[in-house]
Amino acid sequence: MTTLPETTGKKLGLVIDLDICVGCHACVVNCKEWNTGGYGAPLSDTDPYGSEPVGAWLNRIHTFEITPEDAPASIVHFPKSCLHCEDAPCVTVCPTGASYKRGEDGIVLVEEDKCIGCGLCAWACPYGAREMDPVEQVMKKFTLCVDRIYNDNIPEEDRVPACVRTCPANARHFGDFADPDSDVSVMTRERGGIDLMPEMETKPVNKYLPPRPKARPDVQPIKATSAPKAEGGLLGWIDRALEAL
Amino acid sequence: MTHPDPQIDTSPHVSDEIRKTTCYMCACRCGINVHLRTGEDGKPKIRYIEGNRDHPINKGVLCAKGSAGIMQHYSPARLSKPLKRVGERGEGKFEPIEWDEALELATEWLGEVRCKEPRKLAFFTGRDQSQSFTGWWAQQFGTPNFAAHGGFCSVNMAAGGIYTFGGAFWEFGAPDWNKTEFFMIFGVAEDHDSNPIKLGLSKLKSRGVKVVGVNPVRTGYNAIADEWVGITPGTDGLFVLSLVHELLKAGHVDLDYLIRYTNAPWLVIDDPDGDDHGLFARDKNGDALVVDRESGDLVAYSRHGIKPHLKGEVTLPDGRKARPSFELLAEKYLSHEYAPEAVSETTGVSANQIRRLAQEIADAAFKSEVVVDQPWTDMKGERHEKMIGRPVAFHAMRGISAHSNGFQTCRSIHLLQILLGSIDSPGGFRFKPPYPRPVQAQPKPHGGNKPDQPLAGPHLGFLRGPEDLLLEDDGLTPQRIDKAFSWDAPMSAHGLMHMVISNAHAQEPYGIDVLFMYMANMSWNSSMNSAGVMKMLSEKDENGEYVIPKIIYSDAYSSEMVAYADLVLPDTTYLERHDAISLLDRPISEPEAVCDAIRWPVIEPDRDVRGFQSVLIDLGARLKLPGLVNQDGTPKFKDYADYITNHQRKPGIGPLAGWRGNGDQTGRGEANPQQIARYIENGGFSETHVPEEALYFKHANKAWQDWAVEMGLQDGPVENVFQLYLEPLRKFQLCAEGKAKPVPPDSHKERIKACFDPLPIWYAPFEGTGITESEFPYHALTQRPAAMYNSWGSQNAWLRQIHGTNPMYIPSEICDEAGLEDDDWAWIISYHGKIKVPVKRMNAVNQKTLWTWNAIGKRKGAWNLAPDAPEATKGFLLNHLINELLPPKGDGLRWSNSDPITGQAAWFDLRVRVEKADTPGDVSEPVFGAQKSSGVGGNGSLSYGKEWTK
Amino acid sequence: MHPAISVIFFTVTSGAGFGLIFLLGLGVPMPEGPTAAFLASALAIGLSVAGLVSSTFHLGHAERAWRAFSQWQSSWLSREGVLSVITLSLFGLYALIWLMTGERNGLLGFVSAAFAALTIYATAMIYAQLKTVPAWHTWLTPLCYLGFGVSSGFLLALSFGEMDRNFAVMALLINAGFWFVKDRWWRRLDSVGFSETGSDVGTATGLGKIGKVKLLEKPHSGENYLTKEMVHQIGRKHAEKLRLIAKFAGGLVPALVLIAIILFGAPGYIAVVGFFSIMVGLFAERWLFFAEAKHAVSLYY
Ligand SMILES: Nc1nc2c(c(=O)[nH]1)N[C@H]1C(S)=C(S)[C@@H](COP(=O)(O)OP(=O)(O)OC[C@H]3O[C@@H](n4cnc5c(=O)[nH]c(N)nc54)[C@H](O)[C@@H]3O)O[C@H]1N2
Ligand SMILES: Nc1nc2c(c(=O)[nH]1)N[C@H]1C(S)=C(S)[C@@H](COP(=O)(O)OP(=O)(O)OC[C@H]3O[C@@H](n4cnc5c(=O)[nH]c(N)nc54)[C@H](O)[C@@H]3O)O[C@H]1N2
Ligand code: SF4
Ligand code: SF4
Ligand code: SF4
Ligand code: SF4
Ligand code: SF4
Ligand SMILES: [Mo]
């Protein structure tokens, strides 16, 4: 059913910390590895060893360069995937009802055996979070690892998204945004977490923590360190310092 | 309107079995849980690989490479049978042969060499993780010519560290992530410590600790650093010594630490005309002398209860003058040449930034000292109530080491750490067991070349002085084919693998008969001057014989190097064999625990391949090498697993430390037949925690020493006085001055006098001084991409989508000069060659520096990729611009493009200019003929895991 | 956006088909007798169905196309499907009666005309609804679709030679009028960019506050579904040329034909020349409709 639930019980999603993401792609590959044998059709790769390898991925890392007016340029690694929007256009445009947002936790999924592969949902998503599988020809998207987070066949501590578990820099956090006291809610409040393209009015659930401000070039000159006062300069100082020992 | 959600199975079956082993997608050696699940064919297949949460290295996380292990394991480039060359070298034309034939052939070739002239075997093992075994094997064989990849990798870090304080950045230590208050990282893109560094950085970030990245390029770790020092390549030494200048000037040094743990008080003979000028004044027992502040007497530093002085000239009994090394040190670095203003232009770092950083470092070290409430006793028997820490930590890797001044620069950074008193103090840089292991606890290098005789000791080691060089009787000619431990590179503790092929080709110092290599893509990304190396490998003499007569190579995949071998020994993948990550080797210990680990066949090979180490065991037995056969000549070990379990290097000490004896002993103990089984039960590794009292100040900590001996890490207590002033270097200078024997050739004298300063110095990288600045104004570098491993990731269907091509990142200003826009093509030109490459403009980079990702470019046809694969058409190697030799100096000699002290390959000394490529066609150049691959082949398209999805 | 032939063919032909249904339903004069009735209805239905069929070619799973009827409450694509079926059945009935009795049922005709218009509108709304593609996200889009559907249908209807010059005048005005609308649509496209939402790489990444943001490295070095589908680039000059072709073949040529009919009493069936010409023009126009449209995702690439 492609009408959206007015509200969802939980609002599960991710917080991504741009201040610590080192752009290592661990989340990208581990996501592919988990999901290609997991929920729905495999994530295929066409021409895998040829001149134009193209595969379906659920999460990708972009690298942006930021050049401020008055400071050296800096780099931000930018993981991008589905944001589980509350007003998800990808859901309402779907003609078959394959694309839906779960009432209980807000996860946006594709019921693949209903999907006709028309691609309209991918067009409707401002964030490029949906990719048509090149072989299976159904729409693939980030599942928030719905087959991990509730999975009784894996240890409790591992019931988190594959990308969250694998991120070596701990830049990805999973939780319930409906609960104001959850880690993700708190983190978002404290670090001023932001929405991507709020103007698209999709109300993303996932939040991004902006990079902390970098050291700025020294404007006023730093005074030269003066040699220790009193006679003898360093050697004199050594004497007194040694006395102190 | 509300509506029911579709029912989906949120608890699907994941896997039938989890097998825990060690990752080998890179040298970090993380623990992995390999999930196996039945595939279509009913055989177990890899469903998923995740990090092992209990593992000391990665604590559950897994990087991109590790997560792509499935695609590596099922790579189309996997070799499937021994190969014998039928075409010409380089073509890749082979006939598959049986193992018996392959091993007989190898035995014949090697046997001949061994009984005539063992040194005619050059055995170099590249990215080897079993060096303690392969080296031991070569030792039994009797050739002096063995080394692994360390010489072109990071020997400067290892040697610089070991010689200075008995540890090293390079895997032998780590920052105290939990306690440090200031962290500075030099020249690191990924490092071998891939996951631990990321885990550590996130700890620092969550604690709000300042991270400073010193790197010409602001990507990766430097992107998230709070402050970036966009240094000009090859000038870190100056930058660091300028920090030292500032700290000394302000008196921000830990004198107590210097007196207790370093040779700062040791007296240096000041006798300009004497033969001992610059050596330490010693008593008759050879103990270094110091002045006692109380009595003013000359006493041995080792004497207890004395108060050594740090300044003041004294007269020795024999009338010569001497001064504490600290006084020399202070004078040197306080001089104006190290003032921030003086170094600012060369380093590209503003005087302001240097000053501020010096102050921040001092504040962190001395204003926020950390105190651990743990009494401990030092080796002089003095008890300390607390452990006082200087919470400033540094880390550095190849950005420092891969320059011709890397050894001295590395020492400069250690000097800075030591002046602050931060080495192995809480919050500083910590040793990883079995380290600390100073020079005196390290082996010396061993040579030799006796028919049918093993070497007296290990090939590689740390020489104490010129007396330990490996030279022929003439005192000039190198004993080793790579000229390690010769005047070219006296302290080349890891050998010079990058010189082997060109020396063997030039038959300098002598020709060899068999080149036996393992796991090094020497005809491509692993060599400088790759095109030249390809020629050398395939060049024939006047009789039509190959100049390098026989080449045996072991690889698991159809790499560029395979095509140049006469005999190929196909290895298994890392999931199909036994391995030991041994304390005798490059261990995986963490500062708080000694650790080692294994690999075991978590999945059976489906091809006719054998683990290389098992093959060596077999060859060793066929060659009847001592230690590899029993009295009666029968093989001593069934295979590598058998060796791992039963080999003893010394009584009670074997490749693995865990579960020895009856399984209740660690470190020392009899061989335990159940050992490997116990490792498997424990998740593939063993971890033994260092006692609380031994956690810090290991270099001088009695509790540590006792424990290390008990654990078999060392045989007795080891004195470890940090060598700020490095006497062995001075000894080489004395030889060059003609005051000591042996005397280097005239050609080398000036270089040794200039570079072998016993106190850390900076000198300009050699290539830069060999060319004209205006002709080659820029620097060009490579960086490790986090999601690709050297050459071997390109066969990986997933990783190659991420890095299938590599642009040359060029500062926007340089682009504007050359009229370059994104996706234009440019010629990058060095004194040695030119390459045509795609361009990407960049601002967040040192304005004189170009860079690209390392080893993305591939030779056409290699790795079983389509000949028109982007790696071959748009990808490129910087290596074609880098020569293994320096520009001619006119002295008739061609010097190796290496550090003059350690022989470390100076990859990052490269100087270039940029020109817009107007020639049409967007294919990177140079282009080489396609080579034929021998892998198992791959599918048209992949839908991995389909059988498990509904 | 990637200009997929199947979709271009779909929108243009079904547009003409439903346009013709619209006019026939409104009862525009047709020659007496079953032949004309048959030809006209067959053409109308044929074009519409051909379009609909071709639209299924770009589906990954055409065999499941029937499912697309289920979400008419929320999805314009679904509505388009449902509406076209309704329209075709209504008009089918209308055509049947016409063939049998020679009578054209006014009421039924009117209703099918209305539904035909709705169908074209729904088709247009599939694109016009997308906030992610600002170039499409305007009421001008359905207007153009309707206009061009009717224009092309009109030229076809005229070709039966039964209508007097007043109809030709009407056709002329409609076609010319809608090319002016389209021209506005184009001028809007040239200026709008992402200005209406104010999106740029700064808002897309949330990093705009810090400084000028530029993509340094794509997530993967090669292409992917998103770049192929949504980051289609087309040269300015190339576009200009195609716009001229569209206006010439779609606007000018038909206009001349109609003028010939109006002023020089040329026989109505020469309108068929105008029809073929406008189809060519509309193919160019529709190709550009996709190729020139920028998707928000391109801000990340
Ligand atoms: N321009 C430039 N060049 C460089 C560097 C640089 O910074 N810049 N870095 C240098 C450094 S530090 C290094 S270490 C080298 C690294 O370069 P190499 O030493 O070539 O290392 P790799 O390319 O990782 O792999 C070497 C070979 O090991 C094979 N291999 C992989 N797995 C196995 C296995 O399980 N068994 C066997 N038998 N073989 C296997 C691979 O197929 C490959 O052919 O590159 C050097 N080259
Ligand atoms: N993912 C991944 N991990 C790897 C590897 C891999 O291929 N991929 N390779 C492994 C191997 S063999 C090795 S040796 C290690 C090497 O790991 P690293 O030590 O990270 O070596 P490189 O990646 O060569 O990066 C050298 C860094 O130093 C910088 N640099 C260059 N010159 C200078 C300089 O003069 N000063 C300073 N301050 N910085 C400089 C470069 O910009 C670059 O960031 O990585 C290992 N780990
Ligand atoms: S794994 Fe973590 S650090 Fe690496 S790219 Fe993903 S989010 Fe960033
Ligand atoms: S990010 Fe895109 S795909 Fe995900 S919910 Fe929002 S609109 Fe839908
Ligand atoms: S592609 Fe599948 S999920 Fe997306 S809109 Fe079409 S039918 Fe729905
Ligand atoms: S949550 Fe799961 S599906 Fe989403 S990116 Fe992470 S691993 Fe992929
Ligand atoms: S860092 Fe990655 S590739 Fe290297 S061992 Fe660890 S998981 Fe494997
Ligand atoms: Mo290396």
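The values are calculated or read from the model by the stated rules, or taken from the named source; none is laboratory data. No experiment lies behind these values; they were computed from the predicted model shown. Note that each Cβ is placed from the backbone with ideal geometry, even for glycine, and that neighbours are counted across all protein chains shown.
The number of residues in segment B:680-710 being touching a helix residue (DSSP H, G or I) at 6+ places or on another chain (Cβ under 9 Å) and part of a strand (DSSP E or B) comes to 3.
Does C:W179 satisfy the condition of being touching a residue at least 40 places away in the same chain (Cβ under 8 Å), more than 30 Å from C:P31 (Cα to Cα) and of a type in the set (F, W, Y)? Spelling it out, it is not the case that C:W179 is touching a residue at least 40 places away in the same chain (Cβ under 8 Å), more than 30 Å from C:P31 (Cα to Cα) and of a type in the set (F, W, Y). What's the number of the condition A:K11 fails, among (1) surrounded by fewer than 24 Cβ atoms within 10 Å (Cβ to Cβ); (2) within 15 Å of ligand 4 (Cβ to nearest atom); (3) at the interface with chain C (Cβ under 8 Å from one of its Cβ atoms); (4) within 18 Å of the chain's Cα centre (by Cα)? It is condition (3) that A:K11 fails.
I need the full set of residues from segment B:482-502 which are surrounded by fewer than 24 Cβ atoms within 10 Å (Cβ to Cβ) and not in a loop (DSSP other than H, G, I, E, B), in order please. Answer for segment B:482-502, where residues must be surrounded by fewer than 24 Cβ atoms within 10 Å (Cβ to Cβ) and not in a loop (DSSP other than H, G, I, E, B): just B:S502.
Results for (1) charged (D, E, K, R); (2) over 12 Å from the mean Cα position of the chain (by Cα); (3) more than 16 Å from ligand 7 (Cβ to nearest atom), shown as yes or no for each residue.
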{"site": "A:E136", "(1), (2), (3)": "yes, yes, yes"}
{"site": "A:F142", "(1), (2), (3)": "no, no, yes"}
{"site": "A:D152", "(1), (2), (3)": "yes, yes, yes"}
{"site": "A:P155", "(1), (2), (3)": "no, yes, yes"}
{"site": "A:H173", "(1), (2), (3)": "no, no, yes"}
{"site": "A:T188", "(1), (2), (3)": "no, yes, yes"}
{"site": "A:T202", "(1), (2), (3)": "no, yes, yes"}
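Scan the strands (runs of 3 or more DSSP E) fully inside segment A:102-184 and keep the ones with 3 or more residues being within 14 Å of chain C (Cβ to nearest Cβ).
A:130-132, A:139-141
Among the candidates B:G234, B:G173, which residue alone is in contact (Cβ under 8 Å) with a residue 40 or more places away in the chain and either within 16 Å of ligand 1 (Cβ to nearest atom) or out of contact with any Phe, Trp or Tyr (no Cβ under 6 Å at 6 or more places or on another chain) (or both)? Sole residue among the options that is in contact (Cβ under 8 Å) with a residue 40 or more places away in the chain and either within 16 Å of ligand 1 (Cβ to nearest atom) or out of contact with any Phe, Trp or Tyr (no Cβ under 6 Å at 6 or more places or on another chain) (or both): B:G234.
Hey, can you tell me all the residues within segment A:79-122 that are in contact with a Lys or Arg (Cβ under 9 Å, 6 or more places away or on another chain), among the hydrophobic types (A, V, I, L, M, F, W, C) and either more than 9 Å from ligand 5 (Cβ to nearest atom) or free of Cβ contacts under 8 Å to residues at least 40 places away in the same chain (or both)? Within segment A:79-122, A:C82, A:L83, A:C85, A:A88, A:I107, A:V108, A:L109, A:C115, A:I116, A:C121, A:A122 meet the criteria.
Filtered by the rule that a residue be touching a residue at least 24 places away in the same chain (Cβ under 8 Å), of a type in the set (A, V, I, L, M, F, W, C) and not in a strand (DSSP E or B), segment B:267-318 gives B:L279, B:A281, B:L310, B:L316.
Of the candidates A:T36, A:T92, the single residue that is among the hydroxyl-bearing types (S, T, Y), at the interface with another protein chain (Cβ under 7 Å from one of its Cβ atoms) and within 16 Å of ligand 4 (Cβ to nearest atom) is A:T92.
Look at segment B:186-198: where a residue is small (G, A, S) and a partner is within 16 Å of ligand 6 (Cβ to nearest atom) and in a loop (DSSP other than H, G, I, E, B), sitting 6+ places away or on another chain with Cβ atoms under 8 Å, you get B:S194/A:P168; B:S194/B:C63. B:Y24 meets the conditions (1) surrounded by fewer than 23 Cβ atoms within 10 Å (Cβ to Cβ); (2) away from ligand 3 (no atom under 16 Å from the Cβ); (3) part of a loop (DSSP other than H, G, I, E, B) in every case but one. The failed one is (1). Scanning segment B:57-70 for residues that are more than 8 Å from chain A (Cβ to nearest Cβ) and surrounded by fewer than 24 Cβ atoms within 10 Å (Cβ to Cβ) turns up just one, B:K59. Counting only residues that are in contact (Cβ under 8 Å) with a residue 40 or more places away in the chain and touching a strand residue (DSSP E or B) at 6+ places or on another chain (Cβ under 9 Å), segment B:509-555 holds 23 of them.
Can you say whether A:S99 is more than 13 Å from ligand 6 (Cβ to nearest atom) and at the interface with another protein chain (Cβ under 7 Å from one of its Cβ atoms), as far as the supplied structure shows? Can you show your working first?
Details: more than 13 Å from ligand 6 (Cβ to nearest atom): yes; at the interface with another protein chain (Cβ under 7 Å from one of its Cβ atoms): no.
Against the criterion (more than 13 Å from ligand 6 (Cβ to nearest atom) and at the interface with another protein chain (Cβ under 7 Å from one of its Cβ atoms)), A:S99 does not qualify.
On the basis of being at pLDDT below 95 and surrounded by fewer than 22 Cβ atoms within 10 Å (Cβ to Cβ), does B:I829 make the cut? Considered against the rule, which asks whether it is at pLDDT below 95 and surrounded by fewer than 22 Cβ atoms within 10 Å (Cβ to Cβ), B:I829 comes out as no. Annotation: A:I66 fulfils all but one of (1) in a loop (DSSP other than H, G, I, E, B); (2) buried (at least 21 other Cβ atoms within 10 Å of the Cβ); (3) within 7 Å of another protein chain (Cβ to nearest Cβ); the unmet one is (1).
Filtering segment C:84-103 to residues that are more than 14 Å from chain A (Cβ to nearest Cβ) and buried (at least 19 other Cβ atoms within 10 Å of the Cβ) leaves C:T87, C:L88, C:L90, C:F91, C:Y94, C:A95, C:W98. Against the numbered list (1) out of contact with any His (no Cβ under 6 Å at 6 or more places or on another chain); (2) in a helix (DSSP H, G or I); (3) more than 14 Å from chain A (Cβ to nearest Cβ), B:V912 comes up short only at (2).
Note on segment B:36-56: residues that are crowded, with 20+ Cβ neighbours inside 10 Å and either in contact with a Leu (Cβ under 8 Å, 6 or more places away or on another chain) or more than 7 Å from every other protein chain (Cβ to nearest Cβ) (or both) amount to 9.
Taking segment A:185-204 as the range and being within 14 Å of chain B (Cβ to nearest Cβ) and within 16 Å of ligand 3 (Cβ to nearest atom) as the test, the residues that pass are A:M187, A:R191.
Among the numbered conditions (1) out of contact with any Lys or Arg (no Cβ under 6 Å at 6 or more places or on another chain); (2) assigned to a helix (DSSP H, G or I); (3) more than 14 Å from chain A (Cβ to nearest Cβ), the only one that C:I234 does not meet is (2). Scanning segment B:832-862 for residues that are over 18 Å from A:E65 (Cβ atoms), more than 25 Å from the chain's Cα centre (by Cα) and within 12 Å of chain A (Cβ to nearest Cβ) turns up B:K860, B:G861, B:A862.
Only one residue in B:I46, B:I8, B:I18 is in contact (Cβ under 8 Å) with a residue 40 or more places away in the chain and either within 16 Å of ligand 7 (Cβ to nearest atom) or of a type in the set (V, I, T) (or both), so which one is that? Steps first, please.
Working: B:I8 fails: in contact (Cβ under 8 Å) with a residue 40 or more places away in the chain; B:I18 fails: in contact (Cβ under 8 Å) with a residue 40 or more places away in the chain.
The unique qualifying residue is B:I46.
Looking only at segment A:23-37, decide whether some residue is surrounded by fewer than 24 Cβ atoms within 10 Å (Cβ to Cβ) and touching a Lys or Arg at 6+ places or on another chain (Cβ under 8 Å). No, segment A:23-37 has no match at all.
Here C:G198 qualifies as surrounded by fewer than 16 Cβ atoms within 10 Å (Cβ to Cβ) and within 8 Å of chain A (Cβ to nearest Cβ).
Across segment A:40-51, a minimum of one residue is classified as at the interface with chain B (Cβ under 7 Å from one of its Cβ atoms), within 15 Å of ligand 4 (Cβ to nearest atom) and not charged (D, E, K, R).
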